[in-house]
Every structure is written in structure tokens, then in C-alpha cells.
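No lab work stands behind these numbers, since they all come straight from the coordinates. Because the structure is a prediction, the values reported are computed rather than measured. Using ideal geometry, Cβ is built from the backbone for each residue, glycine included, and neighbour counts are taken over all protein chains shown.
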């Protein structure tokens with residue numbers, strides 16, 4: 001049987017007028033635990049890997065999905081797929097047509113180039129896998145009609161590291177816990193990373209730039225979001241990080257720059273369900289932080305607020321004032337440090353004057369920074385008609401950013 005398949009393969013390669021040689025036949029000929037390194041060239045899909053084996057294209061093997069279904073499906077634990085150029089999947093969102101569908105555990109998907117596919121890499125009930133160093137781009141001009149670059153669905157304890165995603169839709173982690181999303185980059189897409197019902201994940205060292213939105217967290221607790229660069233999220237009301245009904249999250253060491261909103265978060269419902277927001281850089285954002293809900297309670301320490309139009313906003317004054325602000329650096333602080341301990345002698349207090357107009361009436365935001373609104377603000381500060389509301393106060397404002405602050409570290413170069 002195998003001899004007949006081998007003869008058929010040789011005939012296919014010797015006859016240019018025939019269709020592309022099917023890669024599936026090469027897979028069938030590879031023994032359990034073996035390594036398949038096909039001769040350089042183009043092959044047809046789909047391919048199903050249902051045995052433990054290594055498929056290594058060495059960067060010289062193209063797999064054409066023929067425009068139907070998923071190109072490569074991995075069903076065997078311990079399999080390895082690397083060095084392939086994968087393209088031309090089907091276009092069905094319902095069937096989640098992808099470059100690679102992974103339904104196995106402890107596999108390695110490494111250094112593949114996936115283009116012109118609807119979804120890039122889809123993990124479905126797949127655990128303990130490594131998705132490393134792949135380059136992924138989706139098909140379609142309309143960002144909302146593309147598929148996810150990487151999608152984790154009920155998949156736990158996976159490592160997603162060093163992948164480059166561009167011109168995709170989202171990177172989605174759904175109903176998946178204890179995954180590590182490290183040192184990836186994503187550009188020109190919709191949602192950089194969306195976590196839904198996915199607790200105990202680590203998101204560290206990623207570069208998300210020029211997407212509609214940054215990291216979106218929904219009903220996902222006990223996360224670590226650290227040392228990421230979230231840049232240029234300016235489409236409509238684009239944000240760097242958004243946290244909704246998710247608690248015990250540590251947000252630290254991130255650079256959040258040039259976004260419509262830097263950080264958007266709800267107030268905690270219980271005292272123990274707070275966010276820890278520390279040592280982040282917020283710079284050149286329209287609004288650096290926005291809190292909504294009935295009360296504050298988050299721990300906000302050691303952050304740097306530089307050149308934002310507004311540093312803090314809240315749905316009510318209590319929402320922002322009742323957060324615990326301490327030891328942050330504010331570029332608009334005008335106090336002194338006579339004892340030279342690095343901390344301002346007076347607390348940094350921000351009151352609401354004319355800001356209240358455009359915070360209460362969203363249409364008035366169009367007039368922010370205009371001479372008319374600036375004049376109203378000046379008059380209210382000079383001769384206030386009533387006691388202004390305290391928006392927030394930092395009792396220990398830093399005179400300089402902390403030495404280990406991300407603003408003082410080497411930045412990822414922008415492209």
C-alpha cells in the first residue's frame with residue numbers, strides 16, 4: 001500500500017500539469033514518532049495529523065488550503081509543526097476555518113508563516129501547548145470580518161510567545177486559564193487581546209500598537225498584566241487596557257501611550273476585589289485613567305502621568321477620589337520638596353472646575369482646550385461660585401519618577 005502511494009507521489013511531482021501534490025500522503029507515509037521534511041515546493045491541503053510526528057518545512061514548504069476548510073488540523077498529542085508557509089483557508093466563521101486547528105496537547109507550533117487565512121491558529125480544548133514565533137495575517141479588508149489571529153477556546157496552560165500578528169481581527173482567550181501570553185506583537189487589527197471568563201493568565205512583554213483597542217478583560221480574575229507596550233489606540237474611543245467585572249488583577253510596568261483612554265476600569269464590588277495599578281507610564285493620552293461605578297478602592301501607586309490631556313476621570317467624583325492614590329509622579333504638580341526626600345511637601349489635589357461641564361455632557365468635549373472653556377475655567381478658579389469637588393488626591397506625590405520606572409528603561413523601537 002505504501003509503495004503504491006510512493007509511486008503516485010513520484011508521478012505527481014514529475015507531471016507539472018497535474019494538481020499540487022497532497023501533503024497528506026507524505027504525512028501518511030511518516031511513521032509514528034518520525035520526522036517529515038518534505039522537498040521544497042508547494043503542496044495541497046487539507047492536512048490532518050493524527051499521530052505523534054514532526055512536520056518541518058524548513059521555511060521552504062508552502063501548503064495551499066484550496067480555499068476550503070482548515071488547512072492543517074493537529075489531533076495528536078506531542079506533534080510538532082514548524083517552518084511551513086500556510087495559506088488559502090476557507091472563509092466560514094461558523095466552522096472557524098483556520099490556518100492551523102489544534103485539538104491536542106503538548107504540541108509545538110513554531111516559526112510558521114500563516115497568511116490569507118480567515119483564522120490564524122485556533123486552539124480548541126488544547127492544553128499545555130507551545131505557540132512560538134509564528135507570523136500571522138488574516139484575509140479581508142474589513143477588520144470586523146476577519147478571523148482571530150490566535151484563538152484559545154477552553155484551552156489551558158499554553159504558552160503563546162514571540163508571535164507576530166498583523167491585519168487580523170483579535171487575539172482571543174475564552175474560558176481558558178493559566179496561559180502565558182509573552183513577548184508577542186500585534187498591529188493594524190481590532191482588539192489586541194480579549195480575555196473572557198479566563199482567570200489566572202499572565203500577559204507580559206507584548207507590543208500592541210495601532211489597533212482599535214488594547215487589552216480587554218471581561219469576567220477574568222487574578223491576572224498579571226505587566227511590562228507591555230500599548231501604543232496608538234486612537235480609533236473612536238480606543239483604550240490601552242479595559243477591565244470590566246474582573247478583580248485581583250495586577251497591572252504593572254506597562255507603557256500606555258497615545259490612546260484615547262489609557263486605562264478604563266470599573267469600581268470593585270467587594271473590598272478584596274481590587275486592581276493593583278503600579279509603576280505604569282501613562283503619556284500622551286486624551287484621558288490617562290477613567291473609572292466608573294459607585295465607589296473607588298483600587299491601589300494606584302508609583303505610576304507616571306506625563307503629557308496627558310487629562311490624567312484622571314470618573315463617572316462620579318467618589319469613583320476616582322476613593323481610590324488609594326499614593327507615590328505617583330504627576331507632571332502638573334507644582335509643589336516643592338524643601339526637605340529633599342523626593343516627595344512633594346504638599347499633597348497633590350485636583351478639583352473640578354470647568355472640567356465638570358464636559359465630563360457631565362459628553363458633547364461638550366468638542367470644546368476642550370478652546371479659549372471659551374479656558375476662560376470659564378479661569379473665572380471659576382479665580383472666583384468660585386461654590387466649593388469645587390475634589391476629584392482625587394495623592395498625599396505623597398513624587399518629584400521625579402521612581403528609578404525602576406518603565407519610563408527610564410529602554411523602549412521597544414516603533415516601526
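Got a sec? How would 325, 153, 330 order by Cβ neighbour count within 10 Å, fewest to most?
Ascending number of Cβ neighbours within 10 Å: 153, 330, 325.
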statement: Per the rule of 0.36 nm per residue minus the C-alpha distance, extending residue 343 to residue 159 adds in nm 62.1 nm
message: At 0.36 nm per residue, and after removing the present C-alpha to C-alpha distance, how many nm does the segment from residue 29 to residue 219 gain when stretched out fully?
response: 63.8 nm
- request: Could you check what % of the DSSP bridge pairs in the stretch 130-185 are antiparallel, to the nearest 5?
  value: 0 percent
statement: Quick calc, residue 68 & residue 175: beta-carbon distance into FRET formula, R0 30 Å, rounding 0.05, result 0.60
query: Where the centroid of each part is defined by its Cα atoms, how far is the stretch 293-311 from the stretch 87-125 in Å?
result: 39 Å
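Of the beta bridges DSSP finds with both residues in the stretch 61-408, what % are antiparallel, to the nearest 5?
Of all bridge pairs located within the stretch 61-408, approximately 5 percent are antiparallel.
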